[in-house]
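Q: Here you go, one structure.
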Amino acid sequence: MNENKYLITGGLGFIGFNFIQYLVEDIKINPNNIVCLDCITYAAKYMLDKKINYLNKYNIYFYTYDFVKDIGVIENLIKKDNITHIIHFGAESHVDNSLNNPNLFTEVNVIGTQNLLNLAKKYNLRFHQIGTDEVYGSVDPEKDIVDETFKLNPSSPYSASKTAADLMCVAYYKSFGTKVTVSRCSNNFGPWQHPEKMLPKMITNVLQEKKIPVYGNGMQRRFWIYVKEHNEAVWKILNNGKYGEIYNIAPETNNLITNIELINRTLNILGKNPADYIEYVKDRPGHDLCYYLIGTKIFNDCGHKYSVGKFNEQLKETIEWYKIYLKN
């Protein structure tokens, strides 16, 4: 019987690399059936030597091709390695960067995704798109029912590009029968995340005795999900999701907290006085006040259940990881 072979785009990025570890260590996928693709932008370069050492340890194939510019080479790779699944983590993802260079986000997140969809269509591959809750824009969790049918209202070039990519995936299913699913996740946190992102920036700044910049008044609310739990949900969708469907991946409800509350929790775990580290800065343009998701569909279709009451424990684990890795 032919074995599945998984092409992980963005496999040296934060969530993609964690997904590779999840496949190897938890699902026990044969590492020879995993292919890592990453063009190694600045984000993937974070702790790159440690990630490359991990791939080499398990003899995981690794390629540096760009799915915008090198799509012909990637097609040859798919044929040569008998790829059956593409899990598409690869994307430009930092909102601030999208405000400075929106064209790049359209090129990578829209055109790049369509390039891969064309290959999935041509070779009858299983394709999964990793999306974001930011496509829904700022919501009110007291009034809005943010399920997969909620209106799309992106506020930044980043979220607009991800919206377009999601819709292109669904269109390929409706038009061509391509075996596509899409997931939209809350803010991920955990090991290997680049310190440009909020939580690792807080942790690394405090460990280096630097101030923590807080946009506006810090009252923006976010849903937080541990990266491994997110990847568990992706695996469930890959195996049990219905083609052409979009699935929200949301954590337990008490993970919806303000940015300033998250900062205070982090500083408390580190044994620091907030007054010594918090620095309020000008809010960024189009900064959404709240992201929030309802994730019942993934339970109904895929049987995925979320952990309950582990947020503080996972936050402590993340802080400890950065404390260890920043020393080595």
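Q: Confirm whether Ala275 is assigned to a helix (DSSP H, G or I) and either without any contact (Cβ under 8 Å) to a residue 60 or more places away in the chain or more than 14 Å from the chain's Cα centre (by Cα) (or both).
A: In short, yes.
Q: I'd like to check something: does region 167-179 contain any residue that is over 21 Å from Gln129 (Cα atoms), of a type in the set (A, V, I, L, M) and out of contact with any helix residue (DSSP H, G or I) (no Cβ under 6 Å at 6 or more places or on another chain)? Spell out the reasoning first.
A: Initial filter on region 167-179 (over 21 Å from Gln129 (Cα atoms)): none.
Within region 167-179 (the criterion being over 21 Å from Gln129 (Cα atoms), of a type in the set (A, V, I, L, M) and out of contact with any helix residue (DSSP H, G or I) (no Cβ under 6 Å at 6 or more places or on another chain)), the answer is no, since none of the residues qualifies.
Q: Pull up region 6-53, narrow it to residues that are among the basic types (Lys, Arg) and open to solvent by 30 Å² or more (accessible area, probe 1.4 Å), then point me to the one that is farthest from Phe127 (Cα to Cα). I'd like the intermediate steps shown before the answer.
A: Kept after step one, since they are among the basic types (Lys, Arg), are these residues of region 6-53: 28, 45, 50-51.
Still in the list and also open to solvent by 30 Å² or more (accessible area, probe 1.4 Å): 28, 45, 50.
On the way: Lys28: 21, Lys45: 26, Lys50: 28 Å.
Per the stated criteria, the residue is Lys50.
Q: Let me ask you something else. Of all the residues that make up region 296-311, how many are farther than 13 Å from Gly241 by Cβ, touching a residue at least 40 places away in the same chain (Cβ under 8 Å) and in a loop (DSSP other than H, G, I, E, B)?
A: Here is the first cut: in region 296-311, the ones farther than 13 Å from Gly241 by Cβ are 296, 305-311.
Subsequent filtering for residues that are touching a residue at least 40 places away in the same chain (Cβ under 8 Å) retains 296, 306-311.
Keeping just the survivors that are in a loop (DSSP other than H, G, I, E, B) gives 306-310.
The qualifying residues number 5.
Q: Give the residue that is farthest from the chain's Cα centre (by Cα), with candidates limited to residues of region 145-176 that are under 17 Å from Pro251 (Cα atoms) and open to solvent by 40 Å² or more (accessible area, probe 1.4 Å). Show your work before the answer.
A: At the first step, the residues of region 145-176 found to be under 17 Å from Pro251 (Cα atoms) are 145-148.
This time we only want the ones that are open to solvent by 40 Å² or more (accessible area, probe 1.4 Å), so: 145, 147.
Values: Ile145: 22, Asp147: 19 Å.
The residue in question is Ile145.
Q: Would you mind finding the one in Glu148, Glu134 that is in contact with a strand residue (DSSP E or B) (Cβ under 7 Å, 6 or more places away or on another chain), within 11 Å of Leu293 (Cα to Cα), touching a residue at least 24 places away in the same chain (Cβ under 8 Å) and not in a strand (DSSP E or B)? If you could, list the steps in order and put the result at the bottom.
A: Values: Glu134 fails: in contact with a strand residue (DSSP E or B) (Cβ under 7 Å, 6 or more places away or on another chain).
Of Glu148, Glu134, the one residue that is in contact with a strand residue (DSSP E or B) (Cβ under 7 Å, 6 or more places away or on another chain), within 11 Å of Leu293 (Cα to Cα), touching a residue at least 24 places away in the same chain (Cβ under 8 Å) and not in a strand (DSSP E or B) is Glu148.
Yes/no matrix, rows are residues, columns are (1) modelled with pLDDT under 90; (2) surrounded by fewer than 21 Cβ atoms within 10 Å (Cβ to Cβ):
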residue	(1), (2)
Pro191	no, yes
Val206	no, no
Tyr247	no, no
Leu270	no, yes
Tyr291	yes, no
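The values are calculated or read from the model by the stated rules, or taken from the named source; none is laboratory data. Since the model is a prediction, treat every value here as computed from it, not as a measurement. Cβ coordinates were reconstructed from backbone atoms using ideal geometry, including for glycine residues, and neighbour counts include every protein chain displayed. All accessible areas refer to the heavy atoms of the entire protein, side chains included, with ligands and DNA or RNA removed. Shrake-Rupley method; radii C 1.70, N 1.55, O 1.52, S 1.80 Å.
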